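Every number here is computed from the coordinates shown, using simple stated rules; none is lab data. Since we're looking at a predicted model, the values are computed, not measured. Cβ placement follows ideal geometry from the backbone for every residue including glycine, while neighbour counts extend to all protein chains displayed.
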Amino acid sequence: MFVMFTNSSYYLFVGWKANPVEFDSVFNRSRHTISFGSPDIVPIFCSSLPHSTWGTYPHEYEDFATDASFLDHWSFDQFQGLLNRSFEDPKLRQLLLQDKLVIFLHLLGCDTNGHAHRPYSNIYLNNVKVVDQIAESMYNLMESYFNDNQTAYVFTADHGMSDKGSHGDGHPSNTDTPLVAWGAGIRSPKFLAYTDKPDDGFRFVDDHKHDMPTPQNWALEGFERVDVNQADIAPLMATLVGLPCPLNSVGSLPTHYLKLSKADEVEAVLANTKQILNQFLRKSQMKQSSSLYFKPFKPLANYSSVLDQIEDLMSARDYETAMKHSEELRRMALAGLHYFQTYDWFMLMTTITLGYIGWMVNLIIHVLQSYTSFPANLVKRTQVYAKNTSMKVYIIGCLVMGFSSIILLLEKCPLLYHAYVFMTIFLWTRIVHNFEFMKAVWRYLSNMPFKSIMNLLNISVIALFILEFLVMSFFDRKLYTWCFLILGILASTCVAIFIQASSALAIYIWFACWFLSLFTLMPAEIPENNNLVIFSGALVILIATASRWMATNNTSFWLYLTRANKRDPQFSKLFFVQVVFVAISSIMVWLSTSHRSQNKELHPLHQLINWLMAGVALVLPLFSPSSVLSRLTSIFLGFAPPFLLLSIGYEAVFYSAFAMVLMGWIFVESANLYCSEQNGSARHSSVVDGSIFGYDERCLQLSDLRIPLLFTILFNVAFFGTGNFASIASFEISSVYRFITVFSVSVCIIWILSTKFLSF
């Protein structure tokens, strides 16, 4: 907001205070800056600024378990104390009375309370009143201290918030923020004769139209509302203080806010235009100096003549025409900046696309060569050819890499560009190396019977349909509901009729798939329901107990499905320990939440137990028996405690439903192998004796394509079954409160992401 250029999400993990990016800001340009507030924000701008007076509260104050409104009181009290000290300190008073002074109070209370208690909680609404009182007190304090009517006030926010207390996606409730400006240099509100706000054509950077009506209880009906992009606030503040725009700013000066004469208004817009134009010229110069073949941005080829024309118009006092030309030149300069920011996009996208295609082709070639039943003589012939030509192919590949490296070095490209190009060249070198094998495969497929070719085409169409379905599911999670409803019917039918396995297995598969289908109908914004989390703990124990009981079934069919070992004890000590861990975790969910609901800090004993439960439980599956079902049950119980402690609602039940489907899938594949071997030949006795893999290795068949396709579906459901993994706004920060309540960006994000990865 004070700088207005994008930053990298990398700094979420290294810490904002450690942000090494050098940038210009309104604070840099000021004669002196005074700032108080969050230790995560204020030091970014002031820690290396010699002409600044600033202070922050300790990190420990940012506790989500308490009412954070006192943070806002702290910031105001610090500034008020500074003004009081100035009456006894002549140097401080002289510093305060100089011009071009910037004062910044970062009020974090609403953000912290919104995350912790939701925007409609009493704590949050009270914090809004606190901020309102501080704004009034700040105004009265400034006016009484300076008493010169030369102070401009800008009240705004860096982001909005959804009803559940999150932000980070592109929804208007997160990106639309208030901007209220008054004081010296600010134009008075414009009264409208009608209340309906017309569509003036304004669009935000993300191209959405602002259609959020002004709340009626604000009593602002009939007054014009001027909407701006957030980047425009930096030049607005700089102009109000009489400072040059920050060097890296891409904001356009919102002249509707300023009370200026026509001449001064054009001067201000022209200065803003020149600042953006200089950024464009610098980027153009840098790209031209490092490009072997430079493509300039042609619309700004005659920018100097346009500047001269604007100067002539201003001299002739044709301010309206000069303003139009200035704004048009600024728009073209912004377009030019975008042009050079995306200058290498075509090359990068082409390289990365070829890299992905090359990777997929190499995987297909590897599978065909290593795991399929192509005629042995075909493979031998291609191997002989490969030995004779491999050296030549790889030498050419190395030469192409070297040539590409020289070009990239001359272009002064980042090292990441080299990695993209080298990997793509390597992959396609491998493809050329296997070109004769690919030709032989094509000849083999061409000579296949018509029935086999149609079977291949049908399976390929089904595979493409499933992949397209996965793409569509990114836009509508409810498609997974239909997927598992259909999958439950097909899988249970296949088990009952074609595989002719146990009817209990068919019913189990049908129930598990339909149970999982419910979760993608539920809202991505998970409502809190701790009773559901506690119930899920009991459900986990029930499923694990049923799994252990199945392992005791001594029929040959179930022995094959479970890979059970007769020598394993019926209920091992490890199983009991893991069940106890799940039970304790469920109890800790209730204790920790009850304690926090009373606006108390996280109890140290509760915090210690939660960390121990989550950490030790993840290690216990390493000591589980080697039989398949026992190992899967142990893993299921091992991941349950951390998942329960990180859950706030129905996603805890999703864990059990998802595990049931995964186990069901393993049972179906095992049943299919069992029936195939029963029909073909007698099973090996090692299966009954406890072998994990009781069948010989075989070549892949076309029907095996179902396995990676099902894996891909389940992979996506693990990430998107209870929310939108691609959006940080779909994560619930309150899920980490049982481990930590003091704000820490990296720790909070790691724990939040763990809720999704534990499912996977």
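How much length, in nm to one decimal, is gained on full extension between residue 184 and residue 247, taken as 0.36 nm per residue of separation minus their Cα-Cα distance?
So the extension gain works out to 20.2 nm.
Expressed as a whole number of Å, what is the distance separating the alpha-carbon centroids of region 400-445 and region 23-44?
48 Å
Once R0 is set to 30 Å, what does the formula 1/(1 + (r/R0)^6) return for the Cβ-Cβ distance between residue 498 and residue 450, expressed as a FRET efficiency to the nearest 0.05?
0.75
What spacing in nm lies between the two simple spin-label points modelled at residue 87 and residue 263, each 7 Å away from Cα in the Cβ direction?
Distance between label points: 4.3 nm.
Can you run phi through the Karplus equation (6.51, -1.76, 1.60; θ = phi - 60°) for region 266-275 and list ³J(HN,Hα) in whole Hz, with x for Gly and Pro?
My calculation for region 266-275 gives 5, 4, 5, 5, 5, 5, 5, 5, 5, 5 Hz in order.
I'd like to compare 660-672, 226-238, 135-147, 260-272: which one has the highest average count of other Cβ atoms within 10 Å, and what's the full order after that?
Packing order, densest peptide first, comes out as 226-238, 660-672, 260-272, 135-147.
What number, in nm² with one decimal, is the all-direction average of the projected area of the convex hull of the alpha-carbon atoms of region 260-343?
Value for region 260-343: 5.3 nm².
Out of region 74-170, which trypsin sites (Lys or Arg not before Pro) are coil in DSSP terms and have no more than 14 other C-beta atoms within 10 Å?
100
How many percent of all Cα-Cα pairs in region 27-78 sit more than 12 Å apart?
The share of Cα pairs beyond 12 Å in region 27-78 comes to 63 percent.
If packing is taken as the mean number of other Cβ atoms within 10 Å per residue, what is the order of 460-468, 56-64, highest first?
Final packing ranking: 56-64, 460-468.
Taking the Cβ-Cβ separation of residue 141 and residue 676 as r and a Förster radius of 60 Å, what is the calculated FRET efficiency to the nearest 0.05?
With R0 = 60 Å, the Cβ-Cβ based efficiency is 0.15.
Given labels modelled 7 Å from the Cα in the Cβ direction, how far is it in nm from residue 223 to residue 344?
Between residue 223 and residue 344, the label points sit 4.9 nm apart.
Most exposed first by the Cβ proxy, i.e. fewest other Cβ within 10 Å, how do 611, 510 rank?
611, 510
Expressed in nm to one decimal, what extension gain is obtained for the pair residue 156 and residue 320 from 0.36 nm per residue of sequence separation less their Cα-Cα distance?
Working it through step by step, the gained length comes to 56.0 nm.
At 7 Å along the Cα-to-beta-carbon direction for both residue 443 and residue 545, put a label point, then send me their distance in nm to one decimal.
Rounded to a tenth, the inter-label distance reads 6.5 nm.
Region 345-447: Rg/Rh from Cα coordinates, Kirkwood Rh?
So for region 345-447, dividing Rg by the Kirkwood Rh gives 1.06.
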